[in-house]
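The values are calculated or read from the model by the stated rules, or taken from the named source; none is laboratory data. As the structure is a prediction and not an experimental result, all values here were calculated from the model. Methodologically, a virtual Cβ is constructed for each residue, glycine included, from the backbone with ideal geometry; neighbour enumeration extends over all protein chains shown.
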Amino acid sequence: MLVGAAAVLYVMGGSAFKPGAGPNSLAGLSEGAMKKLTVVSPAPPPAAPFVDAEGKPVTLADFKGQVLVVNLWATWCAPCVAEMPTLAKLQQEFAGQPVKVVAVSVDAAESTDKAKAFIAKHAPLAFYQNPDLKLPFAFSPPAAEFPSTVIYDKTGVQRARLTGDADWSSPEAKKVIETLLKG
């Protein structure tokens with residue numbers, strides 16, 4: 001009986017120290033509009049640069065201190081185009097809070113004007129671009145499908161991913177962001 005009690009305590013105690021356990025865990029939030037959300041092992045953001053609307057190089061580390069929703073998209077990607085209004089609504093929902101939707105176009109350089117015009121219709125999102133496709137392949141593992149969304153907590157650690165489109169204005173998406181804001 002003593003061995004059985006010790007085993008129960010071991011299992012209960014061990015679960016309290018697992019990554020992803022605790023009040024800021026995203027485990028269990030893969031439902032509804034977030035059913036494709038995958039909780040991942042913590043990892044730092046890639047160092048690969050991309051550019052802002054003025055062509056200035058930026059990296060994901062430049063956004064540390066905010067919950068980041070990094071979305072890789074293109075104007076030629078129908079699911080990307082469909083989800084962009086919901087990403088704009090997510091950014092609006094968390095206005096004034098340390099949350100940043102970083103929508104990075106992977107359109108070719110010759111399509112920059114088209115991509116800028118598209119993102120301009122989805123305020124308050126800012127324009128970012130990575131036409132050489134180095135950023136998607138700098139993630140570990142690579143984010144080779146579009147749209148792909150990688151979510152970071154305020155400390156700059158990767159916490160979750162979602163491949164494919166999603167409704168980022170949904171209550172389920174808001175719950176993911178609110179959970180990370182608590183951390």
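Looking at (1) surrounded by 17 or more Cβ atoms within 10 Å (Cβ to Cβ); (2) free of Cβ contacts under 8 Å to residues at least 60 places away in the same chain; (3) farther than 27 Å from K56 by Cα, find the lone condition where E178 falls short.
(1)
Starting from residues that are closer than 21 Å to A109 by Cα and in contact with a strand residue (DSSP E or B) (Cβ under 8 Å, 6 or more places away or on another chain), keep the ones in the stretch 140-149 and report whichever is surrounded by the most Cβ atoms within 10 Å (Cβ to Cβ).
Looking at the filtered set, the residue picked out is P147.
Please determine, by comparing only the residues of the stretch 140-183 that are assigned to a loop (DSSP other than H, G, I, E, B) and charged (D, E, K, R), which one is farthest from V99 (Cα to Cα).
The selected residue is E145.
Could you count how many residues in the stretch 48-63 are assigned to a loop (DSSP other than H, G, I, E, B) and either of a type in the set (A, V, I, L, M, F, W, C) or under 19 Å from V176 (Cβ atoms) (or both)?
Matching residues across the stretch 48-63 total 2.
Scan the stretch 25-47 for residues that are within 19 Å of P147 (Cα to Cα), in contact with a helix residue (DSSP H, G or I) (Cβ under 7 Å, 6 or more places away or on another chain) and in a loop (DSSP other than H, G, I, E, B) and jot them down.
E31, P45, P46
Can you tell me which residue within the stretch 89-109, out of those that are among the small types (G, A, S) and buried (at least 21 other Cβ atoms within 10 Å of the Cβ), is nearest to L162 (Cα to Cα)?
Among them, the one singled out is A103.
In the stretch 33-43, which residue that is at pLDDT 95 or above and loosely packed, with under 15 Cβ neighbours inside 10 Å is nearest to R159 (Cα to Cα)?
T38
Which is of a type in the set (V, I, T), buried (at least 17 other Cβ atoms within 10 Å of the Cβ) and assigned to a loop (DSSP other than H, G, I, E, B), of T112, T86, T75?
The match here is T75.
Here is a check on your reading of the model: is A120 more than 17 Å from I151 (Cβ to Cβ), out of contact with any Leu (no Cβ under 6 Å at 6 or more places or on another chain) and free of Cβ contacts under 8 Å to residues at least 12 places away in the same chain?
Working: more than 17 Å from I151 (Cβ to Cβ): yes; out of contact with any Leu (no Cβ under 6 Å at 6 or more places or on another chain): yes; free of Cβ contacts under 8 Å to residues at least 12 places away in the same chain: yes.
Taking the combined requirement at face value, the residue satisfies it.
If you check P57, P85, which single one turns out to be over 22 Å from D153 (Cβ atoms), free of Cβ contacts under 8 Å to residues at least 24 places away in the same chain and out of contact with any Gly (no Cβ under 9 Å at 6 or more places or on another chain)?
P57
Here are V11, V81: which of them is modelled with pLDDT under 95 and either over 28 Å from S170 (Cα atoms) or not aromatic (F, W, Y) (or both)?
Selected residue: V11, the only one of V11, V81 that is modelled with pLDDT under 95 and either over 28 Å from S170 (Cα atoms) or not aromatic (F, W, Y) (or both).
Of the conditions (1) surrounded by 20 or more Cβ atoms within 10 Å (Cβ to Cβ); (2) hydroxyl-bearing (S, T, Y); (3) over 15 Å from S41 (Cα atoms), Y152 clears all except one; give me its number.
(3)
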